Amino acid sequence: MCLTILGACVKLQSMSIWFYLLLLGYALFLLYRGRGYWAWVAPVAIWFVLAMVQGRVPLNCLQLWLTLFIMVAILFGFKPLRRQIITRTIRPLLARALPRMGETERIALEAGTVWWDREIFSGNPNWAELFAFQAPPLSSEEKAFLEGPVAELCNMLDDWEISHRGDLPKEAWSFLKEHRFFGMIIPKQYGGLEFSAAAHSAVVTKVSSRNIATAVTVMVPNSLGPAELLLHYGTEEQKDYYLPRLARGEDIPCFALTGPEAGSDAAATQSIGVVCRGKYEGKEVLGMRLNWNKRYITLGPRATVIGLAFRLLDPDHLLGDKTDLGITCALIPAHLPGIDIGKRHDPMGIHFLNGPTWGKDVFVPLDTIIGGAERAGQGWRMLMESLSVGRSISLPSLACGIGQLSARVVSAYGMVREQFDTPIGRFEGIEEPLARISGMLYMINATKKLTLGAIDSGEKPSVLSAICKAYMTETMRRAVNDAMDIRAGAAISRGPRNILASAYSAVPIAITVEGANILTRSMIVYGQGAIRCHPYVQDEIRGVMEGDLARLDRGFFGHINFVLTNSARAFFLGITAGKIGRLPYIPLQDFRARQHLNNYLRQFSRLSSAFALVSDAAMGTLGGKLKRREKISGRLADALAWLYMGSATLWEFVQQDNAKRDLPYLRWCSIYCLYQIQKALKGVLDNLPNRFVATCLRPIVFPLGSGLRQPSDRLGSSVSRSVLERMQARDYLTRDIFLPESSEDGLGRLEAALAKALPALAVETKVRDAVRAGKLDHAPGDLLLKNALESKVITEQEYELVLEADQVRNEVIQVDAFDPESIAAFTTHLKAE
């Protein structure tokens, strides 16, 4: 038999090598199109047909091989048979390899929805679907609120005064209550404003550009807290009682989640409630005796009602057979005996209300549980489902507000502040950070807009919300640091003139709350995304856990086909620079812009396939250990995040279709994101423990090498000049912030100075040109200007224009100075607090 097979192989050598290449190409084509089963069945069947026609293979060998081929094809192609023979056999093996999923993990993974993140994980994003998506616009009522009460609120806020007072002024608190700022998410039937996510975000963004303490005060009651939980899970009686009071500001809520022993991980909390009988308001009722120790609770020092997360125990089985009912959420009146509340933390001197709370043997009836006694033990699910929306709005909006403020300040300062008779914004050393601020701002503005549009369209994007929180606040951190560098000494001297001091101090707060970014990046983004967004992993895990062979079969063999398809896609898109990929037709007005857009679409599609493949390789080789390999999961989170933020940038560019204004930003953001994705994937391959798999993957993922680069100096210069010199671009980038009156210290006077400096620059350029042409001799600034006037190089009106510009320039570059008594009084005030 061996000699017969050997002879057949010799005879087959006479067949053309081109035939085998054709078969291989056909197989790879089928793989590229996602037809993994037919990618081997069809070419082998063709080979058998040709072998029978040519008659070069002994008939007995051919019959044996054909029989084996048909049996294997039927075994893998006939699903009922495959399930019983193959899937049933591999189930125990997969049970050991796949990550085990506890109840809390399962609930967290089921929370929210998946949206564009699923497309990214598919390796073949549907760009036509993304570009067809329209974010719902603000209503006329929402616009009027932004232009009316929000602007009025901003006008009454003084950031420097609030930093001295340690709290918002009384009139600001009254104004917030009167105009229902605490009820933006509460329906109108309960007295709230019932705003969209986009409007909620716009309010936070505008207020944060004026005073961060006020923005936090506004955003917390409208984010994860009592109102949000009541809306989705509360009883009708609870809604009717609490929601109108919350909307009016009659009750000030806080939500006590974080404890010293478990951080924000409610599942590990040591705050305990025990079901028992006791007296409440003079009556003996079935209730809970609560003990808790919480810290970092925003609005806690002034709260009248505490949303509390705790573990509920029923040792006497008064509610049923279970002893540990699980995480539970309840609303606790803050005045009850045993509650200690009112002390304050000092979060980086920003002075929003934040502090600890303790409860010692606090007895409350069971109807304080949100949703009533039947909701006991469902708190973890409530928190996970609510967090997916709130995390998309509050801190990303604050990040955009601070980012826009930073860009507005340094773009003006870069043109007003001069060194060597030249605006500092035109120095290459300033252009680099300014381009970074502007480019990243365009990106996070687009990300916020796209994500809010998804929420207002009914999505609850749990994975994308984690990306928004972590990566938008990190981007804000970089923008503020760059802005501080550009402002230099003026940035580190606190006072009414310093516009960025509060933003700089607030950065670590945004980075830390709602899950520190280190945790979010290394554990949450990819940890949830790998299972939640992957098209097959959930079916595999559920199929193994539940013994559902049909689901396991669908997931396992679908996953194999998925890996092979993405291998083919990643390689061929990589080797052709994505040129063989299908692209939707985008009817942009500017042909050059369409070319750039199509090029970036090809690259993002290629790296989406590469990401999906590398992700599967990491999951396949590490299995359940991947949860503990946080550096690798963090890099995969980076790739996923930059794929999403890059997608948002492309979407925003298409929606606006304003190439003259936006093309430099599209190019800068796309190139930056693509480079970051490449860096993340390369980092995974460099550090994947299974070196054989990593070595095999590298030529597939990067067949032409890792050739993507960061944005060039020339492109950065183009972006920087755009925000410095094109007011339309500057206004669009910073469209959501509050602009004070021109007479106000800080941003107001800086804006006024810019308005005078820009026309004066043209006159100064004319004078310098005259010097270069030999019409004027070199001289110090004022003397040179007088000589230019006397020589009629400039007119009297131009001369006055420059003098006036110099005067306002000199004013806005000054920094605050205080007499010793003022500094002493300020220090004494802080000590008293």
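The values are calculated or read from the model by the stated rules, or taken from the named source; none is laboratory data. Values in this document were obtained by computation on a predicted structure and should not be read as measured data. Quick reminder, even Gly has a Cβ in these numbers, built from the backbone with ideal geometry, and neighbours come from all protein chains shown. Calculation scope for accessible area: heavy atoms of the full protein, side chains included, ligands and nucleic acids excluded. Shrake-Rupley method; radii C 1.70, N 1.55, O 1.52, S 1.80 Å.
Cβ-Cβ contacts under 8 Å between residues 6 or more apart (or on different chains), taken from a first residue in the stretch 219-231 that is acidic (Asp, Glu) to a second residue that is open to solvent by less than 20 Å² (accessible area, probe 1.4 Å), are listed as 228/222; 228/386; 228/390. Scanning the stretch 732-741 for residues that are under 15 Å from residue 158 (Cα atoms) and either open to solvent by 40 Å² or more (accessible area, probe 1.4 Å) or aromatic (Phe, Trp, Tyr) (or both) gives 738, 739, 741. Take the residues in the stretch 328-377 that are in contact with a Leu (Cβ under 9 Å, 6 or more places away or on another chain), surrounded by fewer than 19 Cβ atoms within 10 Å (Cβ to Cβ) and within 30 Å of residue 500 (Cα to Cα), then tell me which one is modelled with the lowest pLDDT. By that ranking, first place goes to 349.
Take residue 84 and decide whether it is of a type in the set (S, T, N, Q), open to solvent by 90 Å² or more (accessible area, probe 1.4 Å) and modelled with pLDDT of 80 or more. The answer is yes for residue 84.
Among the residues examined, residue 723 qualifies as closer than 30 Å to residue 665 by Cα, touching a residue at least 40 places away in the same chain (Cβ under 8 Å) and either open to solvent by less than 10 Å² (accessible area, probe 1.4 Å) or touching a helix residue (DSSP H, G or I) at 6+ places or on another chain (Cβ under 8 Å) (or both).
For the stretch 351-382, the set of residues classified as in a helix (DSSP H, G or I) and within 18 Å of residue 303 (Cβ to Cβ) consists of 368 only. Can you find even one residue in the stretch 24-41 that is out of contact with any helix residue (DSSP H, G or I) (no Cβ under 7 Å at 6 or more places or on another chain), in a helix (DSSP H, G or I) and either loosely packed, with under 12 Cβ neighbours inside 10 Å or at pLDDT below 80 (or both)? Yes.
Only a single item in (1) within 20 Å of residue 516 (Cβ to Cβ); (2) surrounded by fewer than 19 Cβ atoms within 10 Å (Cβ to Cβ); (3) charged (D, E, K, R) is not met by residue 316, and it is number (1). Can you name the residue in the stretch 110-143 that is in a helix (DSSP H, G or I) and among the hydroxyl-bearing types (Ser, Thr, Tyr) and is also surrounded by the most Cβ atoms within 10 Å (Cβ to Cβ) among such residues? So, considering only residues that are in a helix (DSSP H, G or I) and among the hydroxyl-bearing types (Ser, Thr, Tyr), the one surrounded by the most Cβ atoms within 10 Å (Cβ to Cβ) is 122.
Take residue 606 and decide whether it is assigned to a helix (DSSP H, G or I), under 25 Å from the mean Cα position of the chain (by Cα) and closer than 25 Å to residue 723 by Cβ. For residue 606, the condition - assigned to a helix (DSSP H, G or I), under 25 Å from the mean Cα position of the chain (by Cα) and closer than 25 Å to residue 723 by Cβ - is not met. The residue pairs whose first member lies in the stretch 645-661 and is under 19 Å from residue 592 (Cβ atoms) and in contact (Cβ under 8 Å) with a residue 12 or more places away in the chain, whose second member is assigned to a helix (DSSP H, G or I) and open to solvent by 10 Å² or more (accessible area, probe 1.4 Å), and whose beta carbons are closer than 6 Å, counting only pairs six or more residues apart or on different chains, are 654/131; 661/728.
Got at least one residue in the stretch 267-277 being surrounded by fewer than 16 Cβ atoms within 10 Å (Cβ to Cβ), within 30 Å of the chain's Cα centre (by Cα) and at negative phi?
Step one: list which residues in the stretch 267-277 are surrounded by fewer than 16 Cβ atoms within 10 Å (Cβ to Cβ), which gives 268, 270, 272, 276-277.
Right, trim to within 30 Å of the chain's Cα centre (by Cα) and you get 268.
Retained after the next criterion (residues that are at negative phi): 268.
There is at least one residue in the stretch 267-277 that is surrounded by fewer than 16 Cβ atoms within 10 Å (Cβ to Cβ), within 30 Å of the chain's Cα centre (by Cα) and at negative phi.
Being more than 47 Å from the chain's Cα centre (by Cα), in a helix (DSSP H, G or I), farther than 30 Å from residue 158 by Cα and among the hydrophobic types (A, V, I, L, M, F, W, C) is the requirement here; does residue 762 meet it?
no
Only one of the listed residues (163, 201) is surrounded by 18 or more Cβ atoms within 10 Å (Cβ to Cβ), within 27 Å of residue 381 (Cβ to Cβ) and among the polar types (S, T, N, Q). That residue is 201. Residues in the stretch 504-517 that are under 20 Å from residue 406 (Cβ atoms) and touching a Ser or Thr at 6+ places or on another chain (Cβ under 7 Å) were compared, and the one that is surrounded by the most Cβ atoms within 10 Å (Cβ to Cβ) is 510.
Only residues that are in contact (Cβ under 8 Å) with a residue 40 or more places away in the chain, open to solvent by 10 Å² or more (accessible area, probe 1.4 Å) and part of a helix (DSSP H, G or I) were counted in the stretch 518-536, giving 8. If the condition is being closer than 15 Å to residue 719 by Cα, of a type outside the set (A, V, I, L, M) and open to solvent by 10 Å² or more (accessible area, probe 1.4 Å), then the stretch 403-460 contributes 408, 426, 427, 428, 429, 431, 432, 433, 436. Summed over the stretch 420-465, the residues that are over 28 Å from residue 762 (Cα atoms) and of a type outside the set (Lys, Arg) give a count of 23. Of the residues that sit in the stretch 159-207 and are farther than 30 Å from residue 460 by Cβ and polar (S, T, N, Q), which one is farthest from the chain's Cα centre (by Cα)? That would be 174.
Residues that are more than 17 Å from residue 674 (Cβ to Cβ) and either of a type in the set (S, T, N, Q) or touching a strand residue (DSSP E or B) at 6+ places or on another chain (Cβ under 9 Å) (or both) within the stretch 557-594 comprise 561, 565, 566, 567, 589, listed in sequence order.
Among the residues of the stretch 230-262, those identified as closer than 21 Å to residue 301 by Cα, touching a helix residue (DSSP H, G or I) at 6+ places or on another chain (Cβ under 8 Å) and not charged (D, E, K, R) are 242, 243, 246, 247, 249, 252, 253, 254, 255, 256, 257.
Out of curiosity, is residue 589 more than 24 Å from residue 699 (Cα to Cα), in contact with an Asp or Glu (Cβ under 9 Å, 6 or more places away or on another chain) and open to solvent by 20 Å² or more (accessible area, probe 1.4 Å)?
yes
Scanning the stretch 671-708 for residues that are of a type in the set (Ser, Thr, Tyr), assigned to a helix (DSSP H, G or I) and surrounded by 14 or more Cβ atoms within 10 Å (Cβ to Cβ) yields a count of 2.
Among the residues of the stretch 144-156, those identified as loosely packed, with under 13 Cβ neighbours inside 10 Å and more than 11 Å from residue 199 (Cα to Cα) are 147, 148, 152. Of all the listed residues (51, 8, 45, 97), the sole one being open to solvent by less than 90 Å² (accessible area, probe 1.4 Å) and at pLDDT 75 or above is 45.
Yes/no per residue for (1) modelled with pLDDT of 80 or more; (2) among the β-branched types (Val, Ile, Thr):
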residue	(1), (2)
766	yes, no
773	yes, no
793	yes, yes
800	yes, no
819	yes, no
832	no, no
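Within the stretch 222-266, the set of residues being farther than 15 Å from residue 333 by Cα, under 21 Å from the mean Cα position of the chain (by Cα) and open to solvent by less than 10 Å² (accessible area, probe 1.4 Å) comprises 222, 223.
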